[in-house]
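Beneath this line is the structure, given in C-alpha cells, with notes to follow.
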Amino acid sequence: QVLLVESGGDLVQPGGSLRLSCQVSGTDFRSHSMGWFRQAPGEQRDWVATIHAGGIPAYPPSVEGRFSISRDDAKNTVYLQMNKVKPEDTAVYYCSDISMGFWGQGTQVTVSS
C-alpha cells in the first residue's frame, strides 16, 4: 500500500518560515516526479512546486523565490521550505507522487498575526 504522509503544518506569522515534510512508503519514488499542491477554502487545488528525479525543481510565480522543494531519496521524504510566508499562503498543503497519481491527506498551514 502506498502512503504519503504530510507533516509540519502550523500557524505562522506573516514573514515567517515553515518546513513541510512528506514521508513516502510503499513505492520506490526515486525515479518519480514529486510535488506539492495547496487548496484554500472554496478554492481549487493549485500547484505549488515540483521536483523531478535528479532534483530539478519548478515553481509557479506565486511562490518562486520564497518556497523551495527538495527530496531525500534515502529517507523517502520530500520537503517544502516556505519562507517569507504571506496570509494568502494559508491553505491545506498536499504532497503528491505526480508520476503515479498518489496523494497524501494534507497538512494545514495558516499564516496570520
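The values are calculated or read from the model by the stated rules, or taken from the named source; none is laboratory data. The structure presented is a predicted model; accordingly, all values stated were derived computationally and were not measured. We place every Cβ from the backbone using ideal geometry, glycine too, and count neighbours over all the protein chains shown. Side chains are part of the model used for accessible areas, which takes the heavy atoms of the whole protein and leaves out ligands, DNA and RNA. Shrake-Rupley method; radii C 1.70, N 1.55, O 1.52, S 1.80 Å.
What residue, among those in the range 63-81 that are part of a loop (DSSP other than H, G, I, E, B) and over 17 Å from Gly104 (Cβ atoms), is most open to solvent (accessible area, probe 1.4 Å)? Among those that are part of a loop (DSSP other than H, G, I, E, B) and over 17 Å from Gly104 (Cβ atoms), it is Glu64. The C-beta contact set for the range 73-93 (first residue of a type in the set (Gly, Ala, Ser), second residue surrounded by 17 or more Cβ atoms within 10 Å (Cβ to Cβ), distance under 6 angstrom, 6+ apart or interchain) comprises Ala91/Arg38.
For residues in the range 1-52 being out of contact with any strand residue (DSSP E or B) (no Cβ under 7 Å at 6 or more places or on another chain) and in a helix (DSSP H, G or I), which is modelled with the highest pLDDT? Among residues in the range 1-52 that are out of contact with any strand residue (DSSP E or B) (no Cβ under 7 Å at 6 or more places or on another chain) and in a helix (DSSP H, G or I), the one modelled with the highest pLDDT is Ser31. Residues of the range 82-111 that are part of a loop (DSSP other than H, G, I, E, B) and touching a Ser or Thr at 6+ places or on another chain (Cβ under 9 Å): Asn83, Lys84, Val85, Thr90, Ile98, Ser99, Met100, Gly104. When the criteria are applied in full, Ala58 meets the requirement of being over 19 Å from Leu4 (Cα atoms), among the small types (Gly, Ala, Ser) and surrounded by fewer than 21 Cβ atoms within 10 Å (Cβ to Cβ).
Counting only residues that are charged (D, E, K, R), closer than 18 Å to Arg71 by Cβ and more than 10 Å from the chain's Cα centre (by Cα), which one in the range 1-55 is surrounded by the fewest Cβ atoms within 10 Å (Cβ to Cβ)? Once the filter is applied, the top-ranked residue is Asp28. Listed by first and then second residue, the pairs linking a residue in the range 26-45 that is among the β-branched types (Val, Ile, Thr) to a residue that is open to solvent by less than 30 Å² (accessible area, probe 1.4 Å), with Cβ atoms under 9 Å apart and 6 or more places separating them unless they lie on different chains, are Thr27/Asp97. Within this structure, Ile69 passes the test of being at negative phi and modelled with pLDDT of 95 or more.
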